[in-house]
Amino acid sequence: MTVSDKLGAIQFTPTRIWDDGTFTYFAFPRNAPVPAIFRYAGGRERTVNTQAPEDGVIRVSGVNRQWVLRLGEEVVCIEAIPPAEATS
C-alpha cells in the first residue's frame, strides 16, 4: 500500500503502509499525533491490537484491505488497491 501526498492532508495520515502477511505497519511523521486504528470489515469498524515502538511505526495485528484511522472528529480511510497487472 502506498499513501499519496495530497495538499492539505490530515496531520495523522501515514506516510507509508505495508504488511508482512501477519502484521500491518503504519509509518507516521515524527511528532505526528497518533490516531486510533480500526479494521474495516463487513461494513463495521473493528478494534485491533497495536504496538507502537519508538520509531514512529505502529504495528497492527492482522492484514486487511480497508482501515479507518480516527483522531477526535477527523477520519482517514485507507483502502489497499492492488497494482494493475502488467501487460506485454
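Applying the criterion of being basic (Lys, Arg) and in contact (Cβ under 8 Å) with a residue 24 or more places away in the chain to the residues of region 7-57, the residue that is surrounded by the most Cβ atoms within 10 Å (Cβ to Cβ) is Arg39.
Please work out which residue is modelled with the highest pLDDT, limiting yourself to region 67-88 and to residues that are part of a strand (DSSP E or B) and under 11 Å from Thr24 (Cβ atoms).
Of all residues in region 67-88, those part of a strand (DSSP E or B) come to 67-71, 74-79.
Add one more test, that the residue is under 11 Å from Thr24 (Cβ atoms), and what stays is 67, 78.
On the way: Trp67: 96, Ile78: 91.
Among them, the one singled out is Trp67.
The values are calculated or read from the model by the stated rules, or taken from the named source; none is laboratory data. Everything quoted here is computed from the prediction, not taken from an experiment. When we count neighbours, we look across all protein chains shown, and the Cβ atoms used for this are built from the backbone with ideal geometry, even at glycine.
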